[in-house]
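The values are calculated or read from the model by the stated rules, or taken from the named source; none is laboratory data. Everything numeric in this text was worked out from a predicted model, so none of it was measured. Cβ sites come from the backbone with ideal geometry, for glycine too, and all protein chains shown count toward neighbours. Each accessible area value is taken on the protein alone, full model and side chains, heavy atoms only, with ligands, DNA and RNA left out. Shrake-Rupley method; radii C 1.70, N 1.55, O 1.52, S 1.80 Å.
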Amino acid sequence: MSLSYVFAQLGNYFVYLLILYASYVAAVPLRLAEKIMLPVMTLLSCLGSPSATYDSVIFLSKWLHLPASVFDLYVETSAITRFAQLLLRSPAFTSLPS
């Protein structure tokens, strides 16, 4: 039962990679404190359903002063990222007790 929750949430944390990529592409260097806090803030803001990740992308991009186009990038690539999220979530269904 404990693994099913972990697998179900794992796909939500693609937001972390998106924020790192957006920071690199937008040439917005992250300060040391932001680099340390980013995994924690991502972990806390992405808990819940996959639709909660939309709000976390907005929150994290505003917190790190990234361009508003980061959210547009996330929405445009959501077909690919949602598929990857579902692939990571599917083991949760197999580990549920019957």
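Cβ separations smaller than 7 Å between residues 6+ apart or across chains give the following pairs from the range 65-80 residues that are in contact (Cβ under 8 Å) with a residue 24 or more places away in the chain to residues that are outside any helix (DSSP H, G or I) and surrounded by 11 or more Cβ atoms within 10 Å (Cβ to Cβ): HIS65/VAL28; LEU66/ALA26; LEU66/VAL28; PRO67/ALA26.
Residue check: LEU30 meets all listed conditions (1) in a helix (DSSP H, G or I); (2) in contact (Cβ under 8 Å) with a residue 12 or more places away in the chain; (3) among the aliphatic types (A, V, I, L, M) but one, namely (1). The set of residues in the range 17-50 that are open to solvent by 70 Å² or more (accessible area, probe 1.4 Å) and under 19 Å from THR77 (Cβ atoms) comprises LEU17, TYR21, TYR24, VAL25.
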